[in-house]
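The values are calculated or read from the model by the stated rules, or taken from the named source; none is laboratory data. Fair warning: this is a prediction, and the values are worked out from it, not measured in the lab. No Cβ is skipped: glycine too gets one built from the backbone with ideal geometry, and neighbour counts run over all protein chains shown. Quick note on the areas: whole protein, heavy atoms, side chains included, nothing else; ligands and nucleic acids left out. Shrake-Rupley method; radii C 1.70, N 1.55, O 1.52, S 1.80 Å.
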Amino acid sequence: MSLPKSVKFKKDGVEYLSNVNRIEYTLNELIRAALRDAGKFICRKTRQKIRRRTGRLAENTQYWVRRRQEVPDLQVGFKPGGFYGLYQEIGVSSRGIPKTGALSHSVNDNINQIRDIQAQYLSGIGHESAEHKIDEGEYEGE
């Protein structure tokens with residue numbers, strides 16, 4: 001979807017310019033872009049902490065920025081091919097798999113960096129330069 005145009009209208013000889021739709025769109029897209037970059041960062045840190053045997057679990061770590069809600073949100077996890085990632089995350093004593101908590105520790109250890117990533121995007125709200133940060137690229141991946 002492209003950037004909505006401003007709405008101009010006249011009332012009692014005064015011309016009004018409404019940017020509400022444009023600002024709502026820009027805010028929503030900046031949130032999505034901030035979540036996308038945070039998801040990439042979390043996936044990269046998680047891959048570094050995963051205990052490797054075949055490397056398939058690291059390949060199946062992915063993020064999803066969901067936009068169908070009123071406010072977009074981020075999910076980071078394992079694709080169906082990496083279902084056994086849950087075993088490493090919470091540990092399974094009957095199988096002798098220790099708890100690594102790679103995903104949860106990656107998030108908890110890097111909260112300040114995640115805030116910095118999101119601040120880069122959200123600090124631009126209200127400036128025209130914020131529209132240049134919006135990228136209509138992929139919001140699911142890695």
State the percent of C-alpha pairs, over all pairs in the range 29-125, separated by a distance greater than 17 angstrom. 54 percent
With a 1.4 Å probe and every protein chain left in place, work out the accessible area per residue of the range 1-82 in Å², rounded to a whole number. 67 Å²
As a test of reading the structure, rank Phe78, Phe41 by solvent-accessible area (1.4 Å probe, protein chains only), most first. Phe78, Phe41
Within the range 79-99: backbone nitrogen closer than 16 Å to the Arg56 label point (7 Å, Cα to C-beta): 79-88
Sparsely packed trypsin sites (Lys or Arg not before Pro) within the range 68-124, loop by DSSP, other Cβ within 10 Å at most 10: Arg68
In nm, give the distance between the simple-model label positions of Ser94 and Gln48, each being 7 Å from the Cα along the Cα-to-Cβ direction. 3.6 nm
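Could you list the GluC sites (Glu not before Pro) in the range 14-96 that lie in coil according to DSSP, counting only those with at most 14 other Cβ atoms within 10 Å of their Cβ?
Glu70
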Extended-chain gain in nm, criterion 0.36 nm per residue less alpha-carbon gap, Val20 and Asn112: 30.0 nm
